[in-house]
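Okay, so here's the structure we're looking at.
What follows draws every value from the coordinates through simple rules; no lab data is involved. Small disclaimer: the values here were computed from a predicted structure and weren't measured. Ideal geometry is used to build each Cβ from the backbone, glycine not excepted, and the neighbour counts take in all protein chains shown.
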Amino acid sequence: MTDFRSGFVSFVGRPNVGKSTLTNVLVGEKVAITSAKPQTTRRAIRGIANRDSGQLILVDTPGLHRPRTLLGERLNSLVETTLGDVDVIGFCIPANEKIGPGDGFINEQLSKYRRAKLVAIVTKSETVSRDALAQQLQAVSELRDWKAIIPVSAVSGEQVVELAELLIEMLPISPALYPIDVATDESMEQRICELVREAALEGVHDELPHSIAVTIDEMGEREGGNLYDIHANVWVERDSQKGIIIGKGGSRLKDVGSKARKEIEQLLGRKVFLSLRVKVSADWQRDPKALGRLGF
């Protein structure tokens, strides 16, 4: 097919506007973890959405924000490097929230990326009435001169097909850049770490979400082949946080392990034994050596 298109698309927006959910829906499987917590995404995860007309390589970056730690600075640097290289940037703004200062900050930052085509995506369209959606589309249109504005619902699937087609039309003519049977360039180890972190993020408050990191000591087939063994570490910055993750009598850690194991079994398509240990690395977000050990 001579007009087949391939290229890179990145979604940006405030925390919890549906960037990772939209990535997963377009790809057709879970490649990015989701959480209401800010800075859930910490790497430029590539999800690959294959269509007859083209291949969308979706780069789900950490959100643009004003950094407070060395980790925050590194995440911002990752975002800037990524956005400088993509073909299309989709600015995600939820239908059910007024445009605020955070959106204005991101909109200003987008002016730096002259290479990319800019598209506005109004997410969570299922949460508002038609009139409210029309008002939000009008408000979004006043932010800048977009290449396109499109409302979508990752939950109901409304306009998801149209969004994929719209994004593909904006990509350069090119053969597929990844094999068409690949959904992500994340390694299996990275995906498993993320699923454990997603489970650990659920129900925690305040600063703790930023303080959680996950590494794997070992993983592999158990002798006899009936189970897949995974030994992972959940890292926090202080002893008090360790207590929160473990919970009374280990109840919370057991819950985290149970939730993570179900997701990992779905990913691997087999039974899993998951062992979790909680460890402390003091103020790792501000320590260059610790950040390196934890993969940042």
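Can you tell me how much longer the chain between Leu177 and Val280 gets when fully stretched, taken as 0.36 nm per residue apart minus their C-alpha distance, in nm with one decimal? Intermediate values should be presented prior to the final figure.
Values: separation 103, 0.36 × 103 = 37.08 nm, distance 4.03 nm.
Between Leu177 and Val280, full extension yields 33.0 nm more.
To check you understand DSSP bridge types, tell me what percent of the beta bridges within the range 188-293 (both residues inside) are antiparallel, rounded to 5.
Numbers: 8 of 17 bridges.
Looking only at bridges with both residues in the range 188-293, the antiparallel portion is about 45 percent.
If you take the charge dipole of the chain about its Cα centre, with +1 on Lys and Arg Cβ and -1 on Asp and Glu Cβ, which of Val119, Pro15, Gly269 is farthest toward its positive end?
It is Pro15, whose Cα lies furthest towards the positive end.
Which GluC sites (Glu not before Pro) does the range 109-167 hold that lie in a coil by DSSP with at most 15 other beta carbons within 10 Å? Walk me through the intermediate numbers first.
Numbers: sites: Glu126, Glu142, Glu158, Glu162, Glu165; in loops: Glu142, Glu158.
Filter output for the range 109-167: Glu142, Glu158.
Can you figure out the FRET efficiency of Ser141 with Phe105, using R₀ = 22 Å and their beta-carbon distance, to the nearest 0.05? Mind showing how you got there, number by number?
Working: r = 19 Å, r/R0 = 0.86.
After rounding to 0.05, the efficiency reads 0.70.
Using the Cα centre of the chain as origin and beta-carbon charges of +1 (Lys, Arg) and -1 (Asp, Glu), tell me which of Ile246, Ser174, Phe4 is placed farthest towards the positive end of the dipole.
Going by the Cα projections, it comes out as Ile246.
Given the options Ser153, Ser125, Ser111, state which has the largest fluctuation in a GNM of the chain using a 10 Å cut-off (strictly under) for Cα springs.
Ser111
Once you have all Cα-Cα distances for the chain, histogram them in 5 Å bins from zero and send the whole-percent values.
1, 5, 11, 15, 17, 16, 13, 10, 7, 3, 1, 0, 0
Among the listed pairs Lys30/Lys147; Lys98/Lys262; Lys248/Lys271; Lys117/Lys259; Lys112/Lys242, give every one whose C-alpha distance is greater than 31 Å. Before the final figure, lay out each step's value.
On the way: Lys30/Lys147 28 Å; Lys98/Lys262 36 Å; Lys248/Lys271 27 Å; Lys117/Lys259 39 Å; Lys112/Lys242 41 Å.
Correct reply: Lys98/Lys262; Lys117/Lys259; Lys112/Lys242.
Among Ala183, Gly100, Leu110, whose Cα lies farthest out toward the positive end of the dipole of the chain, if unit charges sit on the beta carbon of Lys, Arg (+1) and Asp, Glu (-1)?
Gly100
Once the Cβ-Cβ distance between Lys112 and Arg238 is put in as r, and R0 is 41 Å, what FRET efficiency do you end up with, to the nearest 0.05?
Values: r = 36 Å, r/R0 = 0.88.
Calculated value: 0.70.
What is the dipole size for the range 188-293, taken about its Cα centre, with +1 at each Lys and Arg Cβ and -1 at each Asp and Glu Cβ, in debye to the nearest 20? All intermediate terms of the calculation are to be shown ahead of the outcome.
Numbers: 18 positive and 18 negative charges, 48 e Å.
Result for the range 188-293 is approximately 240 debye, rounded to the nearest 20.
Suppose each label sits 7 Å from its Cα in the direction of the beta carbon; what would the Val155-Glu223 distance come out to in nanometres?
For Val155 paired with Glu223, the spin-label model returns 5.1 nm.
Suppose R0 equals 22 Å; then what is the FRET efficiency for Ser129 and Glu169 from their Cβ-Cβ distance, rounded to the nearest 0.05?
Working: r = 29 Å, r/R0 = 1.34.
Taking R0 as 22 Å, the efficiency between Ser129 and Glu169 is 0.15.
Using 0.36 nm per residue of separation minus the Cα-Cα distance, give me the extension gain between Gln266 and Ile216 in nm, one decimal.
Details: separation 50, 0.36 × 50 = 18.00 nm, distance 1.85 nm.
Residue separation times 0.36 nm, minus the Cα-Cα distance, leaves 16.2 nm.
For the chain, with a Gaussian network of springs between Cα atoms less than 10 Å apart, report the residue from Gly225, Gly100, Gly269 with the top mean-square fluctuation.
Gly225
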